[in-house]
Amino acid sequence: MAGPIASPRIGVVGTANVDLVVRCRRLARPGETVLGDDVVSLSGGKGANQAAAAARLGAHVWLMASLGDDARGEWLLEVLRGHGVHDDYVRRSARPTGTAFITVDDRGENQIVVSSGANADLDLADVDLGLFDVVLAQMEIPTLVLNDAARRSRHFILNVAPAAPVEPDTFTRCAVVIANEVEAESFDLSTLKHCVVTMGAGGAVHYANGREVARAAALKIDPVDTVGAGDVFCAAYAVMWARGSSAQEALSYAVTAGSLAIMALGAQGALPTDEEVTTWLARA
Ligand code: RIB
């Protein structure tokens with residue numbers, strides 16, 4: 001990567017959803033009904049969350065997503081613009097805007113079911129991905145789009161969430177793969193140039209060709225809601241990677257940003273700024 005860039009150009013390829021969130025005392029087991037609080041509608045989707053988080057951290061961010069041509073899609077677009085995300089590559093589809101059904105328990109743990117809707121129509125045909133310093137993607141998007149993005153990006157970072165098989169050629173093209181502990185069980189990280197494994201309250205580890213090169217501890221915070229914390233981590237890591245930071249700097253920054261994201265309800269409810277992250281890092 002060329003010299004340091006304070007405000008890199010980041011392209012995020014991913015989903016945008018309306019998150020319908022219900023808080024309940026504990027999560028339901030299979031076949032069980034539990035009662036919850038009033039439902040709230042929040043902006044979400046792994047792509048939109050990562051785009052919003054990267055913009056809040058000071059990057060120039062373009063989201064490549066597909067929204068329904070409906071009121072929910074219009075609302076998500078307004079929220080994204082409010083976060084400072086460029087919408088030049090957000091397309092509209094005849095299918096309904098994606099929706100995630102989320103329950104969050106008293107400990108901040110969650111269960112999520114996503115109805116992809118318009119996200120399934122995502123298409124990058126007219127986007128020049130070479131414009132971006134880094135392209136960041138997740139696994140909620142169509143496989144063909146994912147593989148195309150990996151092929152045409154200068155530096156491609158893949159968040160393997162939710163876990164699903166990845167074509168070997170796409171893995172080979174990743175500058176960095178980011179996964180949580182469970183997702184990381186689905187592939188051999190020793191075959192990857194750079195792989196970051198997140199462990200929730202346990203922090204994160206960076207492996208280069210299977211060898212640990214950096215480790216960072218999470219902040220000790222009582223979680224309100226952990227939905228989207230992984231997205232903030234990925235965005236922060238991508239921003240630092242694009243800025244030319246070392247593995248340790250990027251990891252510590254991303255873990256801190258992810259920790260700060262769990263202090264309010266909603267995936268985009270507590271997105272930290274660059275100043276907030278660096279202030280917490282200086283205290284640690
Ligand atoms: O990572 C959290 C996100 O996953 C939620 O915002 C939900 O929309 C799903 O995409």
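With contacts defined as alpha carbon pairs under 8 Å and 6 or more residues apart, what's the relative contact order of the chain in percent?
That works out to 19 percent.
Within the chain, what's the longest stretch lacking trypsin sites (Lys or Arg not before Pro) that sit in DSSP loops with no more than 12 other Cβ atoms inside 10 Å?
Of all site-free stretches, the longest is 108-219.
Among bridges DSSP assigns within the chain, what percent are antiparallel (round to 5)?
40
Between L136, L20, L35, where does the largest GNM mean-square fluctuation fall for the chain, given springs only between Cα atoms within less than 10 Å?
L35
For the chain, what Kirkwood radius comes out of the mean inverse Cα-Cα distance, in Å?
Here the Kirkwood hydrodynamic radius works out to 18.6 Å.
Restricting to DSSP loop positions (anything but H, G, I, E, B) with no more than 11 other Cβ atoms inside 10 Å of their own Cβ, which GluC sites (Glu not before Pro) remain in region 1-97?
Listed in order of number, the matching sites are E32.
What's the local net charge at Q268, with K and R +1, D and E -1, over the other residues with C-beta under 12 Å away?
Residues near Q268 contribute -1 overall.
So, with a 1.4 angstrom probe, what is the percent of accessible area on the chain that is carbon and sulfur?
Carbon with sulfur: 52 percent of the solvent-accessible area.
Mind checking which of A149, A125, A163 has the largest fluctuation in a GNM of the chain, springs on alpha carbons under 10 Å?
Evaluated over the chain, the most mobile residue of the options is A125.
Lys/Arg Cβ at +1, Asp/Glu Cβ at -1, dipole of region 164-254 taken about the Cα centre: which of A164, N209, A229 is farthest positive-ward?
N209
When the Karplus curve 6.51 cos²θ - 1.76 cosθ + 1.60 is applied with θ = phi - 60°, which whole-Hz ³J(HN,Hα) does each residue of region 31-43 get, with x for Gly and Pro?
Here the 3J(HN,Hα) series is x, 9, 10, 10, 8, x, 6, 4, 6, 10, 9, 10, 7 Hz.
Tell me, what is the per residue accessible area of the chain in Å², probe radius 1.4 Å?
Averaged over the residues of the chain, the accessible area is 44 Å².
Specify the inter-centroid distance of region 1-64 and region 134-201, based on alpha-carbon positions, in whole Å.
Computed from Cα coordinates, the inter-centre distance equals 17 Å.
Of all DSSP beta bridges located in region 1-120, what percent are antiparallel, nearest 5?
40
Over region 1-121, what is the mean sequence separation of C-alpha contacts under 8 Å (at least six apart), divided by residue count, expressed as relative contact order in percent?
It comes to 31 percent, rounded to a whole number.
Relative contact order for region 141-198: what is it in percent, counting Cα pairs under 8 Å that are at least 6 residues apart?
For region 141-198, the relative contact order is 31 percent.
The values are calculated or read from the model by the stated rules, or taken from the named source; none is laboratory data. Just so you know, these numbers come straight off a predicted model, no measurement behind them. Cβ atoms come from the backbone with ideal geometry, glycine included; neighbour counts cover every protein chain shown. Keep in mind that these areas ignore ligands, DNA and RNA; they rest on the heavy atoms of the full protein, side chains included. Shrake-Rupley method; radii C 1.70, N 1.55, O 1.52, S 1.80 Å.
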